[in-house]
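Engineer: Dumping the structure here so I can ask a few things about it.
The values are calculated or read from the model by the stated rules, or taken from the named source; none is laboratory data. None of the values given here were measured: they were computed from a predicted structure. Methodologically, a virtual Cβ is constructed for each residue, glycine included, from the backbone with ideal geometry; neighbour enumeration extends over all protein chains shown. Note: areas computed on protein heavy atoms with side chains; ligands, DNA, RNA excluded. Shrake-Rupley method; radii C 1.70, N 1.55, O 1.52, S 1.80 Å.
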Amino acid sequence: MGFSVIRRGKASRSVLRATNIPAFLALFVIAGAWIVAEQQNRRLFEQAQRTQVLNQISLVRARLEGNISGNIQLARGLVAALVVEPDMDQQRFSALAESLLHRNAQIRNFAVAEGMIVTLVHPLEGNERALGLDYNANAQQREATVRARETGDLVIAGPLDLVQGGRGIVGRLPVFVPGADGQNHFWGIVSAVVDIDRLYEDSGLTDPDLPIDIALSGHDGLGARGKLFYDPAGIVANDPVVADVVLPSGAWQIAATPKGGWPAAPTNQWTLRLLLFMAGALIMVPAVIAGRLIEERQRNIRTLRRREAQLGKLSRRLRLALDTSKVAVWEMNVGETEQFWDARMNELYGYPADNAPRGQIHWEKRLHPDDLERANAEFRRLHVDRQYASQYRIVLDDGEVRHVRAMGAVYDEPGTAPRIIGVNWDVTADIGLAEELKRVNALTEARNAELETARAHIEHNALHDSLTGLPNRRYLDEMLADHAARFAGEGERAALLQLDLDRFKQVNDTLGHMAGDAMLVHAARVLRDTARRTDFVARVGGDEFVVVRRWPREKAGHDACVAELSELSDRIVARMQEPLSYQGHECRVGVSIGIATDTDCLADPLRLLVNADIALYRAKARGRNRHQFFNDALQSEIVTTKRIADDILTGLEQNQFVAHYQPQFCARTLDVIGVEALARWNHPRDGLIAPAAFMKIAEELNVVASIDRLILEQGLVDFHLWEQIGLGVPTVSVNVSARRLRDEELIRTLRQMDIRPGTIAFELVESIFLDDNDDLTAWNVEQIKGLGINIEIDDFGTGYASIVSLMKLSPRRLKIDRQLIMPIVRSAGQRQLVGSIIDIGHSLGIEVLAEGVETMEHARVLKSLGCDALQGYAFARPMSGGDLVEFVQSRRWKNAC
Ligand code: C2E
Ligand code: CA
Ligand code: CA
């Protein structure tokens, strides 16, 4: 479409379009007429000019003719006189001539030639040279004179240069005198010289007022054949008007043009042009207008055709749309009842397509009774709203129900009555679909709601502990992260209480998991009740809980917060200690609390948790059922611990851990019966360090097993050395940590070692055997025994192991802890206790060794109680391998006893 617009634009701009043809033709005709008219005008103008010139010539010509013939007439008078008086003398002649000349001044002179020789001249004065002139001898004058004689008539010659000077025309008249025979005989010639300049002047040729320029030709009176002799303005070439000047003999031709030449253009030229222009305009303007109108008409025709094509296209589309959409159409005039229904409308309502008029009654007949009233009401609104949209059901004769959507509108068309046009279409399928959709939608919504509930449930579960319903560790992490953000944003402060139930394990172990669960639920309740509603309480591990309290920035004063937290902790500790009755049992647990707060410039969730944990650890160490704030001392302890930990790892790498040995003696003979290998740390800076300073940290670092193995290896090396030198140290005992005993690799590594049965003993602390369920430990113990390694119970009397469980192990020796030995010198009861242990051991066939034998008094008492072996400062302190060799060989202790 854009393309055709462009083309049309170009065409309309072109001057050479068909509609301009009339204008062009008119222009052509006008131009032609213009040229012809101008030519005609010029011709007429020229003719008028020529006529005018001719008129003026006539005047001049008449004068010329008159003057010349007048002059010649005078000469004729002379001729007549001479005929009568041929012998007249000069005097007579002059008088006669003078009388003639007197009347006409144009004659310059008269001459009379008798025969051909001039005899008389008048006036004589000035013309004397003419006398005696022989015409026959004068070439210039002979011809005319001869011609006059021959023709017997006047001959006019000239203009010619006169002998006496000047120019003139000469009229020559022959004179014939009657002879004696009665015949006329040639006598002579009378010449009249006419002054040509005077002739011109008198004839008006030189009159300055004469409106024309004149030329004369016809020299010697020869008419058209004669030469040009007068043309002062040089007009002969300028197309002059020509007329004959009739002389008494022959003729001249006179030619004339207006003075200054012919006018170049007719004087009415511009008037004519104006008229022509106006006439042209009268023709052109209508022609152009006509052209424009034709063009307009053609354009209109084109527009109409285009619209027609568009209309055709539109109606084809509409037909297609109606066909494919199955839309039915009806029409009626406003205020009339008769309606026109198209075929589809009839089909929709179950009527035959018979083109018969339909009406309201046909429509209402089909309407579903339930929709009748509403549909009718809606239809009636059409007259008010001029628009109408409705949906209703119809029932066909066979009972089929159809859903129909109807729309209509009132149309006003000029010249016709207002009409209503409406459409109906079957939406039964749509309704079905919509209902189905609605059903599916409802179903989906229900599913979504279920899913949402499930999701919320899952989310809740993910963030809560199922047993107590408290937030769990994950929730705590989120909450702390949230707090960290608020710390940064609003300056919120928080304190974190880390709680650990004391003796929970015992409840669990003794009363079962159900009791444990009940205990946990109880603890959760206590925390919830004690904490504020805004506090965050979470269960983060088996028997570990966390309480987080937050303050807005302005309320976060340090001392006030500490007091508040102490008070909260005390209440928790007090409430937690209240017994819980479970199935008739009274369960009691305690709680230890570690508290950490944000520092002034940092809210690090991890740091909070770690610090609180450290404080908790300290609280437990300080004897449980209490709270401990994390503080600088704890902090520096941590730093130290960290340094030691690093040093331990380096020490292990650099073999800084060495075995020292403390001898063990037979209580009766005081012979050395073995040594206990004890770990020492040969610190490069701090010197020799005892286990108390590093063992705990090594435990936390999980490297005690490595230390155990190192000491065992060194013990073996030294033991072989002692054997070689025959030192007489029969056994070496090494301490074995609980973790090493649980090591799956232990037996394999032991097998690879060169251990002779009966030479090595493993000291196991009592507490190792508290857990009955630890099968690996029991199995390992059996394997160790199988390798010929003796088992000894270390620190006996400090733990809670039952004699029965210990017996299952069938150790070779019990080592009574030095806490029990120390008081025996002074306390009879203690002596008795140790004595009983010794007896029990003996009754079970187990050897008994007393540790911490610090004095000989102790040694004596123990000997008297029947103790088998002794170890203690009283005899020897732990010493290096080298020192031991020296010590044993010296037998110093024997002297001391
Ligand atoms: P333990 O197994 O009970 O070792 C005996 C400790 O009592 C030694 O302390 C020893 O020096 C000390 N002792 C000996 N006689 C007396 C005495 O008459 N009076 C007093 N007050 N103390 C005496 P040490 O060497 O400081 O070792 C301390 C603990 O470190 C050991 O107690 C043991 O449990 C542990 N230990 C030492 N070496 C190792 C090792 O290689 N592995 C493991 N797992 N633990 C070790
Ligand atoms: Ca020991
Ligand atoms: Ca011990």
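Engineer: Tell me, what % of the accessible area of the chain is carbon and sulfur with a 1.4 angstrom probe? Can you show the working numbers first?
Structural biologist: Values: 26120 of 47900 Å².
Solvent-exposed carbon and sulfur of the chain make up 55 percent of the total.
Engineer: Turning to a different aspect of this structure: Beta carbons within 10 angstrom, averaged per residue: use that to sort the peptides 47-54, 394-401, 784-791, highest first. List each step's numbers first, then the result.
Structural biologist: Details: 47-54: 14.9, 394-401: 11.5, 784-791: 16.9.
Result, highest mean Cβ count within 10 Å first: 784-791, 47-54, 394-401.
Engineer: Tell me, what HN-Hα J-couplings in whole Hz come from the Karplus equation 6.51 cos²θ - 1.76 cosθ + 1.60 at θ = phi - 60° for each residue of the stretch 108-125, using x for Gly and Pro?
Structural biologist: In residue order, the calculated couplings are 6, 7, 10, 9, 10, 10, 7, x, 10, 10, 6, 10, 10, 9, 9, x, 6, 4 Hz.
Engineer: Counting every Cα pair in the stretch 479-546, what percent are over 18 Å apart? Walk me through the numbers on the way to the answer.
Structural biologist: Values: 1074 of 2278 pairs.
Above the 18 Å cut-off, the stretch 479-546 has 47 percent of its Cα pairs.
Engineer: While we're looking at this one, here's another question. Starting at the first residue of the stretch 249-265, write each ³J(HN,Hα) from the Karplus equation 6.51 cos²θ - 1.76 cosθ + 1.60 with θ = phi - 60°, in whole Hz, x for Gly and Pro.
Structural biologist: Residue by residue, the stretch 249-265 yields 9, x, 8, 10, 10, 10, 10, 8, 9, x, 4, x, x, 5, x, 5, 9 Hz.
Engineer: Measure off 7 Å from each Cα along the Cα-to-Cβ vector at A31 and K863, then give the distance between these two points in nanometres to one decimal.
Structural biologist: 16.4 nm
Engineer: Shifting gears a bit: For labels at L649 and V83 in the simple 7 Å Cα→Cβ model, what's the distance in nm?
Structural biologist: If labels sit at L649 and V83, their model points lie 18.3 nm apart.
Engineer: Another question about this same structure. Taking only protein heavy atoms into account and a 1.4 Å probe, give the accessible area per residue of the chain in Å².
Structural biologist: Details: 47900 Å² over 897 residues.
For the chain, the solvent-accessible area averages 53 Å² per residue.
Engineer: Which net charge results for the neighbourhood of G261, defined as the other residues with beta-carbon distances under 14 angstrom from its beta-carbon, given Lys and Arg at +1 and Asp and Glu at -1?
Structural biologist: Working: positive: R50, K259; negative: E46, D213, D231, D239.
Net charge around G261: -2.
Engineer: Okay, next question. Helix 369-385 versus the longest principal axis of the chain: what is the Cα-based angle in degrees, 0 to 90, to the nearest 10?
Structural biologist: It is inclined by approximately 40 degrees.
Engineer: Continuing with this model, one more query. Let me check I've understood the local charge: for A237, count other residues with C-beta under 14 angstrom from its C-beta, Lys and Arg +1, Asp and Glu -1. What total comes out? Spell out each step's value before the answer.
Structural biologist: Details: positive: none; negative: D213, D231, D239.
Residues near A237 contribute -3 overall.
Engineer: Here is a follow-up. Give a residue-ordered list of calculated ³J(HN,Hα) values for the stretch 22-36 (Karplus: 6.51 cos²θ - 1.76 cosθ + 1.60, θ = phi - 60°; whole Hz; x for Gly, Pro).
Structural biologist: Result, rounded to whole Hz: x, 5, 5, 4, 4, 4, 4, 4, 4, 4, x, 4, 4, 4, 4.
Engineer: Taking amide hydrogens as modeled 1.01 Å from N in the peptide plane, which residues meet the under 5 Å criterion relative to D231, leaving out close sequence neighbours?
Structural biologist: L216
Engineer: Sticking with this one: For the stretch 228-304, divide the Cα radius of gyration by the Kirkwood radius and give the resulting Rg/Rh value with two decimals.
Structural biologist: Working: Rg = 28.2 Å, Rh = 18.2 Å.
Value, to two decimals: 1.55.
Engineer: Using Cα-only point scatterers and the Debye equation, what is log10 of I(q)/I(0) for the chain at each q in 0.08 Å⁻¹, rounded to two decimals?
Structural biologist: Log-scaled intensity ratios, in q order: -0.97.
Engineer: For a quick check: with amide H placed at 1.01 Å from N, whose amide H comes under 5 Å from R493's, ignoring anything fewer than 5 positions away on the same chain?
Structural biologist: Amide H neighbours of R493: W551, R553.
Engineer: Compare the peptides 708-719, 692-703 by average per-residue count of other Cβ atoms within 10 angstrom and give them in order, highest first. Intermediate values should be presented prior to the final figure.
Structural biologist: Working: 708-719: 20.2, 692-703: 15.8.
Ranking, from highest mean packing down: 708-719, 692-703.
Engineer: Step through the table entries K815/K863; K620/K815; K620/K696; K505/K785; K785/K808, compare each Cα-Cα distance with 20 Å, and write down the pairs that go over it. Don't skip to the answer; put the middle values down first.
Structural biologist: Working: K815/K863 15 Å; K620/K815 28 Å; K620/K696 15 Å; K505/K785 31 Å; K785/K808 13 Å.
Pairs exceeding 20 Å: K620/K815; K505/K785.
Engineer: Taking only Cα atoms, what is the 0 to 90° angle, nearest 10, from helix 269-325's long axis to the longest principal axis of the chain?
Structural biologist: 30 degrees
Engineer: What is the packing order of peptides 850-862, 178-190, taking the mean over residues of other C-beta atoms within 10 Å and listing the highest first?
Structural biologist: Averaged packing, sorted descending, gives the order 850-862, 178-190.
Engineer: Mean residue ellipticity at 222 nm from the helices of the chain, using -39,500 (n - 2.57) per DSSP H segment of n ≥ 4 over the full residue count, to the nearest 500 deg cm²/dmol?
Structural biologist: On the way: 27 runs with 438 residues, N = 897.
Computed mean residue ellipticity for the chain: -16000 deg cm²/dmol.
Engineer: Separate question: Tell me the volume per residue, in Å³, of the convex hull enclosing the alpha carbons of the stretch 664-716.
Structural biologist: With only Cα atoms used, the stretch 664-716 gives 109 Å³ per residue.
Engineer: The stretch 744-830: D in µm²/s via Stokes-Einstein (Kirkwood Rh, Cα pairs, 10 °C, 1.306 mPa s)? Don't skip to the end; give the middle numbers.
Structural biologist: Working: Rh = 14.3 Å.
Rounded, D is 111 µm²/s.
Engineer: Once the Cα atoms of helix 513-530 and of the chain are each reduced to a long axis, what angle between those two axes, in degrees from 0 to 90 to the nearest 10, is obtained?
Structural biologist: Roughly 60 degrees, rounded to the nearest 10.
Engineer: Can you give the net charge of the other residues whose Cβ lies under 10 Å from the Cβ of K326, counting K and R as +1 and D and E as -1? Numbers along the way, then the final one.
Structural biologist: Numbers: positive: R344; negative: D323, E347, D426.
That works out to -2.
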